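Taking it in order: structure first as structure tokens, then the write-up.
The values are calculated or read from the model by the stated rules, or taken from the named source; none is laboratory data. A quick note: this is a predicted structure, and the numbers were derived from the prediction, not measured. Every residue, glycine among them, receives a Cβ derived from its backbone with ideal geometry; neighbour counts consider all protein chains shown. Remember, those area values only see protein heavy atoms, side chains included, never the ligands or the DNA or RNA. Shrake-Rupley method; radii C 1.70, N 1.55, O 1.52, S 1.80 Å.
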Amino acid sequence: MAEPVKTHCPYCALQCGMAISATASGITITPRTDVPANAAGALCQKGWTAADLLTNGARLTSPLLHGRPVDWDVALGHVADRLSAIRLEHGPDGVAVFGGGGLTNEKAYLLGKLARVALGTSQIDYNGRFCMSSAAAASIRAFGMDRGMPFPVTDLAGADVVLLAGANPAETMPPFVRHLDGPRLIVIDPRRTATARLAWLHLRPAPGTDLALALGLLHLAVAEDLVDAAYVEERTSGFDAVRTSLAAWWPERVERITGVPVPRMREAVRALAYAKNAYVLTGRGAEQHAQGTDTVTAFVNLALALGLPGRLGSGYGCLTGQGNGQGGREHGQKADQLPGYRRIDDPAAREHVAGVWGVDPGDLPGPGRSAFELLEALGTPAGPKAMLLFGSNPVVSAPDSARVAERIRSLDLLVVCDVVMSETAALADVVFPVTQWAEETGTMTNLEGRVLLRRQAVRPPPGVRSDLEVIAGLARRLGHDFADEPGKVFEELRRASAGGPADYSGITYDRITGETEEPRETRDEGDVPYGGEARDRADDRGGAEVGVFWPCPEPGHPGTPRPFLGSFATPGGRARFVPVEHRGPAEEIDDDYPVYLTTGRVLAHYQSGAQTRRIAALAAAVPELYVELHPDLAGRLDIGAGDLVRVTSRRGQGQGVARISDAIRSDTVFMPFHWEGANRLTNPALDPTSRMPEFKVCAVRVERVT
């Protein structure tokens, strides 16, 4: 295809626009300037090298049965026969389905339908549970709806102050930082990250104390009479209970717990309160804790007390990580949800979706296990005996990953759909080679709630099929007729989502790309249902749309870039304050494990590294797992730069090369999780609400390998 094809990056939730030109001489990527996320034509190192994903020679191109190439009919037939036998012996919940936050909306939707209709299992969840689930839970209880950033990313440039709690977009999504050129930046992070180096103010709490810090900031706002009393009275409920709960969180106590000096806390609160426009944004650093939902809630409470959410030019938002982390949970991959972000235990939701699927609502299973609980149950007497896995690599990415690998090995049947031979695929009985981003068409929902279309730009290698074809092929062999063309699946998704919180029924492929102009109503802002702005086109420039914001409940609806301007999605239209208390990390340091470990990402790599570690330029930039230590800690342990270091937790060991840096606290070490090893150490203690594991802090012992 010689003509450039407009599409989007295969990596993070920013979903930067790019065009792909495929000729006999190779594949060329150029940035687009019509997509707000990277309208300046910016791409990060991963985006610029994304063509190598298509050509690096590591592709799987034939189904594998016990490691041997077989044809598709043999592989699909074997899987269908084994699934039928396991279901007959152990019941429908004897089979598990595990998805990924990088799957398109169409794949996420059809995977949920496969689980609930063709397999009848409740045992389905996805790796997005490890990403944004705490922020989602906090947003639902505060605002009645979870949409990561309930405003366009371009709004941030007009802010005076932006607070980032536990986010490092300068490395995880570099083009995003261009939207932060104007505001004064406050960063909360125990490390002096690339983002923290850009900050006007950097607060460095001890790992696991973000919640205490948020409580201290709100205490100061109340004590210094910085609360927006009129906003709290008119647009919220529950503030009195929160104000009462803050009595114990005086600044000096918070300083002792977090290590953040009181004067810096005062600076942060005053900057947010005195700003005309301000935003509070959270990321994984604040969320991946056993108290992650409460931590995000505390930052939401701070934002509400200052009158930010639901106000033009201000707000609260969460920085989604995975490419389709938002859309991936909206349409049926999560254990407790049906398409349209409906609760699976809601009788009306079950009736609606069952009607679209042509089944009896009573035949749909109920809620199943969350992601880690599902992985932990694999192969146990009461757990699943088979698992179908799409777009995930839990042997690297799950907490306590050695234990997860052991559970996966105990299965009677593991089926993996992947592009390359990941660490998890290497354990599979059957591996299906599938298409990837530029070889297929499908929609993604980015961190703003903007539904985008990634279009096929190149032909897949011979022998490769799409995930949709694999799902439909298995369903057919199990007695069900599923569509396998992306457009047809999306049309069904539209009907299934209609009337739900994440309503896509007014969105079409043509409208997303702006290739046809549908009539859209232009109401006054205050009259728009869902509180959105009627006149706001998705690109904020008044031209053809680039993506459509949900909810969009009918073809003439303008989409909803800012859903909370008129009211919140709660029954009474008010945002809800929720009292929370700091509990500290689930695992504290002691004499045997005297150092905190925290984990995260680096610029050159993405998620479990299954893709990026196979790209030469990215592998050269960061070739191996490393351990970042403060000079004082390294001196006490007689560790020098470049030494091989062993890190041990109560769950396992990992090894990496020492990097000495004063960017890390002297009581903490950092390891990136893109290689097998870091997550052998992490703590699977779960948040009681979101079921998020505590990736971001655990106790470890560090020593030089002699």
Every pair of residues 6+ apart whose Cβ atoms lie under 6 Å, when the first sits in segment 118-142 and is under 18 Å from VAL396 (Cα atoms) and touching a residue at least 12 places away in the same chain (Cβ under 8 Å) while the second is open to solvent by less than 10 Å² (accessible area, probe 1.4 Å) and of a type in the set (Lys, Arg) = GLY128/ARG329
Just give me the residues in segment 228-275 being more than 16 Å from LEU302 (Cα to Cα), open to solvent by 40 Å² or more (accessible area, probe 1.4 Å) and not in a helix (DSSP H, G or I), in sequence order.
-> GLY259, PRO261
With ALA75, ALA138, ALA108, ALA118 as the choices, which residue is within 29 Å of ARG476 (Cβ to Cβ), open to solvent by less than 20 Å² (accessible area, probe 1.4 Å), out of contact with any strand residue (DSSP E or B) (no Cβ under 7 Å at 6 or more places or on another chain) and assigned to a helix (DSSP H, G or I)?
-> ALA118
Take segment 380-391 and flag every residue that is open to solvent by 10 Å² or more (accessible area, probe 1.4 Å) and out of contact with any Asp or Glu (no Cβ under 8 Å at 6 or more places or on another chain).
-> THR380, PRO381, ALA382
So how many residues does segment 287-330 have that are touching a residue at least 40 places away in the same chain (Cβ under 8 Å), part of a helix (DSSP H, G or I) and more than 13 Å from the chain's Cα centre (by Cα)?
-> 13
Residue ID - nearest to MET132 (Cα to Cα), chosen from residues in segment 329-356 that are open to solvent by 10 Å² or more (accessible area, probe 1.4 Å) and among the aliphatic types (A, V, I, L, M) = ALA348
Output the residues belonging to segment 357-372 that are surrounded by fewer than 18 Cβ atoms within 10 Å (Cβ to Cβ) and either within 18 Å of LYS334 (Cβ to Cβ) or at pLDDT below 95 (or both).
-> GLY366, PRO367
Residue that is closer than 25 Å to LYS334 by Cβ and either assigned to a helix (DSSP H, G or I) or open to solvent by less than 10 Å² (accessible area, probe 1.4 Å) (or both), where the choices are MET145, MET149 | MET149
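Residues of segment 652-668 being within 13 Å of ARG192 (Cβ to Cβ) and either in contact with a Lys or Arg (Cβ under 7 Å, 6 or more places away or on another chain) or at pLDDT below 95 (or both), which ones?
ALA663, ILE664, ARG665
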Over segment 35-63, the set of residues among the hydroxyl-bearing types (Ser, Thr, Tyr), open to solvent by 30 Å² or more (accessible area, probe 1.4 Å) and part of a loop (DSSP other than H, G, I, E, B) is THR61, SER62
Is it the case that SER649 is modelled with pLDDT of 95 or more and in contact with an Asp or Glu (Cβ under 6 Å, 6 or more places away or on another chain)?
-> no
Output for segment 40-65, where each listed residue is farther than 28 Å from ALA425 by Cβ and free of Cβ contacts under 8 Å to residues at least 40 places away in the same chain | GLY41
Within segment 4-24, can you find the residues that are assigned to a strand (DSSP E or B) and within 12 Å of CYS44 (Cα to Cα)?
-> GLY17, MET18
Only one of (1) open to solvent by 10 Å² or more (accessible area, probe 1.4 Å); (2) touching a Pro at 6+ places or on another chain (Cβ under 8 Å); (3) under 21 Å from ASP189 (Cβ atoms); (4) modelled with pLDDT of 95 or more fails for VAL300. Which number is that?
-> (1)
Between residues in segment 463-477 that are in contact (Cβ under 8 Å) with a residue 12 or more places away in the chain and of a type in the set (A, V, I, L, M, F, W, C) and residues that are open to solvent by 20 Å² or more (accessible area, probe 1.4 Å) and part of a helix (DSSP H, G or I), which pairs lie under 7 Å by C-beta distance while being six or more apart or on different chains?
-> LEU468/PRO486
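Out of curiosity, is ALA569 in contact with a helix residue (DSSP H, G or I) (Cβ under 8 Å, 6 or more places away or on another chain) and part of a helix (DSSP H, G or I)?
In short, no.
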How about segment 78-90: which of its residues are of a type outside the set (Lys, Arg) and open to solvent by 20 Å² or more (accessible area, probe 1.4 Å)?
-> HIS78, ASP81, SER84, ALA85, LEU88, GLU89, HIS90
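In segment 86-105, which residues are in a helix (DSSP H, G or I) and under 17 Å from the mean Cα position of the chain (by Cα)?
Of everything in segment 86-105, just one residue is in a helix (DSSP H, G or I) and under 17 Å from the mean Cα position of the chain (by Cα), namely ASN105.
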Please find, among ALA50, ALA80, the residue that is within 26 Å of LEU603 (Cβ to Cβ) and in contact with a helix residue (DSSP H, G or I) (Cβ under 8 Å, 6 or more places away or on another chain).
-> ALA50
Restricting the search to segment 453-474, which residues are open to solvent by 40 Å² or more (accessible area, probe 1.4 Å) and in contact with an Asp or Glu (Cβ under 8 Å, 6 or more places away or on another chain)?
-> GLN456, ARG459, PRO460, GLU469
